[in-house]
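The values are calculated or read from the model by the stated rules, or taken from the named source; none is laboratory data. As the structure is a prediction and not an experimental result, all values here were calculated from the model. Every residue, glycine among them, receives a Cβ derived from its backbone with ideal geometry; neighbour counts consider all protein chains shown.
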């Protein structure tokens, strides 16, 4: 991987670890700060809310900064947010620090993708986006467990300090290897916001939200699905999640290559496959061997769609790509928030936990319908 892309990917790794690592250190945080486990869980919600709010707001406010200056500033805020988290004397301060750390994530991800694509050879935008997005996969399957181990042996504050240290190392690489670039916007603010008047841009953002909400609903409840329905022991869940993560890395790579070849046809095919696998997971999730295999396949398909979705937003929002990608990232977080709420309602309803994958398959079909609607508007186009 070229060093400029590796530098950006490493920052994404740190930011993603910062979002998800709290799940592994919840008991330590709750015990040390004398709050309940559910209250400690709100720290992840605060980070996600920071992303949702910061996506459009921070991106608009910083749109006229030179690209490298903006990247440096965003990374610095993330470092400070993690250091403040490590030093937080009480729960309210820690909650505020997690929100502030999350504020810059969507904007950084958008600027990183725009910067990476600007360096990509023609026809390789999808695979270039996949290289930056690899940091998300690694943050989930490596960063989160490593951060958990650090927290268990050196205290939860050391976890946030370690994330800050990794992000500082990434910042040094960015300063050395990422080239300078123009501001994301040079025209009036109203002109930037007009990008959302375009039907193609709105459909691209809707595609991200609708295409991911189903698999996010299953992923958020994957542990009880595997133990209560699948019959796996609690000790098997980390191994199965590692399989999901390995599938995610493979899917990210394959999805980027598919997006380079035929963007919308590949997305439609992947969403159809994802819906089918979710339905199959519902049908056979009491058969352990098949449930284990399908957990890996779900990881592949869940992350295979991401590079193409990001590339679609970039190609339809050329007047303001950074803002559009940032709003798209906020849309993904909204989908995750809805998935958590809706999944909880399903689990508590008469249908129960077992019905969740089937309902998720139906939700994914709404994403497929959106992809097919886009395809119908451009029947002659097969490449991004």
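Results, tabulated for the structure shown:
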read-out	value
Sole residue being surrounded by 15 or more Cβ atoms within 10 Å (Cβ to Cβ) and in a helix (DSSP H, G or I), chosen from 35, 57	57
Check on residue 12, touching a helix residue (DSSP H, G or I) at 6+ places or on another chain (Cβ under 7 Å) and under 16 Å from residue 167 (Cβ atoms)	yes
Test result for residue 43, more than 30 Å from residue 4 (Cα to Cα) and surrounded by 22 or more Cβ atoms within 10 Å (Cβ to Cβ)	yes
Verdict on residue 130 being more than 22 Å from residue 60 (Cα to Cα), touching a helix residue (DSSP H, G or I) at 6+ places or on another chain (Cβ under 8 Å) and crowded, with 22+ Cβ neighbours inside 10 Å	yes
Residue within region 239-252 that is modelled with pLDDT of 90 or more and crowded, with 22+ Cβ neighbours inside 10 Å present	yes
Residues within region 334-372 that are under 24 Å from residue 308 (Cα atoms) and out of contact with any helix residue (DSSP H, G or I) (no Cβ under 7 Å at 6 or more places or on another chain), tallied	2
Unmet requirement for residue 153, which otherwise passes all of (1) surrounded by fewer than 23 Cβ atoms within 10 Å (Cβ to Cβ); (2) farther than 23 Å from residue 243 by Cα; (3) in contact with a helix residue (DSSP H, G or I) (Cβ under 7 Å, 6 or more places away or on another chain); (4) at pLDDT 80 or above	(3)
Contacts under 8 angstrom Cβ, first residue in region 147-169 being within 18 Å of residue 30 (Cβ to Cβ), partner modelled with pLDDT under 90 and outside any helix (DSSP H, G or I), 6 or more apart	147/21; 148/21; 151/21; 159/21
Some residue of region 202-223 being more than 21 Å from residue 142 (Cα to Cα), more than 21 Å from the chain's Cα centre (by Cα) and either crowded, with 19+ Cβ neighbours inside 10 Å or at pLDDT below 85 (or both)	no
One residue from 120, 112, 106 being crowded, with 20+ Cβ neighbours inside 10 Å and either over 26 Å from residue 158 (Cα atoms) or more than 18 Å from the chain's Cα centre (by Cα) (or both)	112
Single residue of 92, 66 found to be free of Cβ contacts under 8 Å to residues at least 40 places away in the same chain, surrounded by fewer than 24 Cβ atoms within 10 Å (Cβ to Cβ) and either within 21 Å of the chain's Cα centre (by Cα) or over 17 Å from residue 143 (Cα atoms) (or both)	92
